[in-house]
Amino acid sequence: MNRIETMLVNSPPRRWLQRYEARELVDLGGRVPGGRVAELGCGPGYGTRLILDRFGAAHVDAVDLDPAMIARARKRLARRAGRVHLAQGSATDLRTAFAPFGSGQDASYDAVFDFAIIHHIPNWRDALAEVARVLKPGGRFYFDEVTATALARRTYQLLFDHPTEDRFTAGEFLAELPRHGLTVSESWRTHIGSDYLLGVAVRA
């Protein structure tokens with residue numbers, strides 16, 4: 001992320017929007033009370049807190065590439081330190097990122113959360129494969145994504161820095177899920193045309 005997007009991610013409007021997104025995801029896929037959860041791209045930890053408080057997870061293993069974001073998240077989640085592991089690393093290799101905690105193994109999580117991080121990953125299909133790998137059978141993948149339609153808009157091009165190759169539309173993202181054993185059925189919706197995609201897929 002560039003400086004402008006980093007500022008946005010850490011802003012009150014983003015926190016408000018994330019609360020709204022969390023409500024939609026609960027509507028689509030329910031809560032995960034007592035669950036063990038992985039989060040891709042935790043940023044400053046606000047989504048992690050929502051996973052614990054709104055979704056009812058017992059524990060979250062969260063990863064982010066940016067050490068500054070990990071530091072922010074650690075501060076925000078200090079009161080929940082016993083329920084959270086934070087790791088600097090890649091969303092496409094959770095085994096390595098979570099190795100210090102003995103986590104990230106096959107079929108080890110009840111849910112995985114993606115609060116708008118996969119569109120930042122050039123090899124986004126590898127990220128979906130990793131989601132499927134770590135989910136237990138019947139585990140849920142909660143996703144909130146920005147599509148190629150939004151990224152092609154001039155505002156996004158001027159303000160933000162995203163991969164320019166192999167971007168996905170809402171349809172392409174949904175079509176890729178079953179290739180990794182993730183079934184989404186009708187548990188998804190789009191906003192602002194097809195700019196934003198939210199949904200919940202289940203691991204077969």
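Carbon and sulfur atoms: what percent of the 1.4 Å accessible area of the chain do they account for?
Details: 4940 of 9290 Å².
Of the solvent-accessible surface of the chain, carbon and sulfur hold 53 percent.
Once you order the gyration tensor axes a ≥ b ≥ c over the Cα atoms, which shape class does the chain get: rounded for a/c under 1.5, otherwise prolate or oblate by comparing a/b with b/c?
Numbers: a/c = 1.39, a/b = 1.12, b/c = 1.24.
It comes out rounded by the Cα gyration axes.
Put +1 on the Cβ of each Lys and Arg and -1 on the Cβ of each Asp and Glu in the chain; which of Phe168, Leu40, Ala201 then has its Cα farthest toward the positive end of the dipole?
Positive-end residue among those listed: Leu40.
Any chance you could look up the accessible area of Phe101 with a 1.4 Å probe, heavy atoms only, rounded to 10 Å²?
Answer for Phe101: close to 70 Å² accessible.
Just the number please: accessible area per residue for the range 11-146, 1.4 Å probe, all protein chains included, in Å². Intermediate results must be reported in sequence, preceding the final value.
Details: 5420 Å² over 136 residues.
Roughly 40 Å² per residue, with all protein chains present.
Please list the helices of the chain that count as membrane-span-like by this rule: a mean Kyte-Doolittle hydropathy of at least -0.5 together with Cα atoms stretching 15 Å or more along the helix axis, each helix being a complete DSSP H run.
Qualifying helices: 124-134.
Residue-wise, which Karplus ³J(HN,Hα) couplings in Hz belong to the range 189-204, taking 6.51 cos²θ - 1.76 cosθ + 1.60, θ = phi - 60°, and x for glycine or proline?
Karplus values, whole Hz, x for Gly and Pro: 7, 10, 9, 6, x, 10, 5, 10, 10, 10, x, 9, 10, 10, 6, 5.
Tell me, what is the percent relative contact order of the range 163-204, built from C-alpha pairs under 8 Å that lie six or more residues apart? Kindly include the intermediate steps, with their values, before the conclusion.
Numbers: 40 pairs, mean separation 15.6, N = 42.
Here the relative contact order equals 37 percent.
Heavy atoms only, probe 1.4 angstrom, no DNA, RNA or ligands counted: give me Thr183, Thr147 ranked by accessible area, highest first.
From most accessible down to least: Thr183, Thr147.
Which value in deg cm²/dmol, rounded to the nearest 500, describes the helix-derived mean residue ellipticity at 222 nm for the chain, given -39,500 (n - 2.57) per DSSP H run of n ≥ 4 and division by the residue count?
The helix-only estimate for the chain comes to -10000 deg cm²/dmol at 222 nm.
The values are calculated or read from the model by the stated rules, or taken from the named source; none is laboratory data. Fair warning: this is a prediction, and the values are worked out from it, not measured in the lab. So basically every Cβ, Gly included, is an ideal-geometry build from the backbone, and we count neighbours across all protein chains shown. Just the protein is used for accessible areas: all its heavy atoms, side chains included, with ligands, DNA and RNA removed. Shrake-Rupley method; radii C 1.70, N 1.55, O 1.52, S 1.80 Å.
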